[in-house]
2 protein chains.
Amino acid sequence: MHFTSEPRLADGVLEREFTLGEIPGILWTPESASASAPVPLVLLGHPPLGLHKMYPRLVARAQRAAADGFAAATIELPGSGERPRSATADQARADLRRAREAGEPVDEEIVDRLVLPLVDKSVPEWQDALDALLSLPEIEGPVGYSGGVISIGIRLAVVEPRISAAVLFAGTVVPRALFEEARQVTIPLHVLLQWDDEANDRQAALALFDAFGSKEKTLHANMGGHTGVPQFAGDAAARFLARHLK
Amino acid sequence: MHFTSEPRLADGVLEREFTLGEIPGILWTPESASASAPVPLVLLGHPPLGLHKMYPRLVARAQRAAADGFAAATIELPGSGERPRSATADQARADLRRAREAGEPVDEEIVDRLVLPLVDKSVPEWQDALDALLSLPEIEGPVGYSGGVISIGIRLAVVEPRISAAVLFAGTVVPRALFEEARQVTIPLHVLLQWDDEANDRQAALALFDAFGSKEKTLHANMGGHTGVPQFAGDAAARFLARHLK
């Protein structure tokens, strides 16, 4: 892990860009965090639109995490931003768009082609990032995961024991295989669902919520489309993390 | 409205029993409430088990309301507690129990017989209570409604313009006619659903949530049975009211 930017301090939050091998990332820590007062960590998931495009929303979530006393960090997803694009994923995305524009049901095979390679590739990267982040003296556990591609969150929650709570956003197509993995999730979950999400099948999202094996799981459904998560729903998600990471 | 008990003060909350004609009720006000500093009001709905039986849970909700700076009040439902029982309701409840024990689908006609007379009779009583409560110098609006029989909450939200936000508990059978009334509800709603509620059909509860006409409506679904609403879900409901009544 190499820090690649000068630290920037804004509103009590220290922002540092880094690379982990080829993968760019950003780390935010509360100004108060130190080796003698290390803080919990929230991994900030995001859709595969590139860190640059997502930056304003990520920074807002990092500031909220810092206000709660947590560090926050994110890494670029495979195929996004400056990272090499994936021809397979681009093709699957085009096929998905075509099916939707034609009003056809989306074939499971397309969903598998779009999502499974992303999950397989990105989850070990998030785990590597976690290794590096937890080796910093100002960060210690517990670790939460929040947002982004829900299939990545599911896999991480299953394979990564250092993650102790997760906020998941039921906002994208989920391969059948991940429904099975969802049954193995046992950590506390806070699931956000936009009731009129144009990119997401509501019944599938409810079935996925039902499938999670966690004893503590909460579904917060709100009105509006994919990007319309209300401020109070973001606040509630932050409070969930605060309750579990403190 | 006649106060029938000596005021009792506990933990900064003043408790007074009252009657409104034949109907017993309880009013809780923060110690700080006065004619020069009147407070908002939360009407505490409850299941038809009698105020005496419900008292411990009602008092806990009233204390939370008072901590948020709100008065809270409740009245006995028709057919409950010391009020005359309804032979029709008792018969319908027995028929409902029989259908459930036999594992049969519950006939709409039984649901209508059980719930519609209760709604028709109790809603004007809550409105009369609201008249009396808002005439007290230490209470003013806005007014919220929280909990209890969801069909009563739906009708109140439709017919009573002084109620500006409601927490509803999707925990009982709802007559078909109330689904239609739900479309006319426009105030902000916070709906609680216990995912494994043995007394409630989950799909019907989700359809009811979908039916509400409110632009701001949130569903909080949590694990567990009818009486298993987690503490953090009660906290979230209280924050919803605080956000809308302040």
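Note on the range B:96-133: among residues that are among the acidic types (Asp, Glu) and either in a loop (DSSP other than H, G, I, E, B) or touching a residue at least 60 places away in the same chain (Cβ under 8 Å) (or both), the one that is least open to solvent (accessible area, probe 1.4 Å) is B:GLU125.
Cβ-Cβ distances below 9 Å connect the following pairs, each with a first residue in the range A:203-220 that is within 11 Å of another protein chain (Cβ to nearest Cβ) and hydrophobic (A, V, I, L, M, F, W, C), a second residue that is assigned to a helix (DSSP H, G or I) and surrounded by fewer than 23 Cβ atoms within 10 Å (Cβ to Cβ), and a separation of six or more residues or different chains: A:LEU206/B:ARG202; A:LEU206/B:LEU206; A:LEU219/A:LEU206; A:LEU219/A:PHE209. The set of residues in the range A:128-163 that are under 14 Å from the mean Cα position of the chain (by Cα), under 16 Å from A:ALA65 (Cβ atoms) and at pLDDT 95 or above comprises A:ALA129, A:LEU130, A:VAL143, A:GLY144, A:TYR145, A:SER146, A:ILE163.
Taking the numbered list (1) under 15 Å from B:VAL149 (Cα atoms); (2) within 11 Å of another protein chain (Cβ to nearest Cβ); (3) among the hydrophobic types (A, V, I, L, M, F, W, C) in turn, B:MET223 passes all entries but (1).
The selection criterion, being buried (at least 19 other Cβ atoms within 10 Å of the Cβ), touching a helix residue (DSSP H, G or I) at 6+ places or on another chain (Cβ under 9 Å), more than 14 Å from chain A (Cβ to nearest Cβ) and part of a loop (DSSP other than H, G, I, E, B), does not hold for B:GLY144.
Take the residues in the range B:236-246 that are under 18 Å from the mean Cα position of the chain (by Cα) and in contact (Cβ under 8 Å) with a residue 60 or more places away in the chain; name whichever of them is farthest from the other protein chains (Cβ to nearest Cβ). Before you say what the answer is, go through the steps one by one.
Looking only at the range B:236-246, we keep the residues that are under 18 Å from the mean Cα position of the chain (by Cα), and these are B:236-242, B:244-245.
Those left that are additionally in contact (Cβ under 8 Å) with a residue 60 or more places away in the chain: B:237-238, B:240-242, B:244-245.
Values: B:ALA237: 11, B:ALA238: 12, B:PHE240: 8, B:LEU241: 12, B:ALA242: 11, B:HIS244: 10, B:LEU245: 14 Å.
Among those residues, the one meeting the criterion is B:LEU245.
In the range A:163-182, is there at least one residue being in a loop (DSSP other than H, G, I, E, B), open to solvent by less than 10 Å² (accessible area, probe 1.4 Å) and either within 27 Å of A:ARG16 (Cβ to Cβ) or away from chain B (no Cβ under 14 Å) (or both)? Checked against the condition, which is being in a loop (DSSP other than H, G, I, E, B), open to solvent by less than 10 Å² (accessible area, probe 1.4 Å) and either within 27 Å of A:ARG16 (Cβ to Cβ) or away from chain B (no Cβ under 14 Å) (or both), the range A:163-182 yields at least one hit. Can you tell me which residue is modelled with the lowest pLDDT among those in the range B:174-221 that are within 19 Å of the chain's Cα centre (by Cα) and closer than 17 Å to A:LYS215 by Cα? This residue is B:ASP197.
The values are calculated or read from the model by the stated rules, or taken from the named source; none is laboratory data. In this text, all values refer to a predicted model and were calculated from it rather than measured experimentally. All Cβ positions, glycine included, derive from the backbone under ideal geometry; neighbour counts span all protein chains shown. Please note that ligands, DNA and RNA were not included when accessible areas were found on the heavy atoms of the full protein model with its side chains. Shrake-Rupley method; radii C 1.70, N 1.55, O 1.52, S 1.80 Å.
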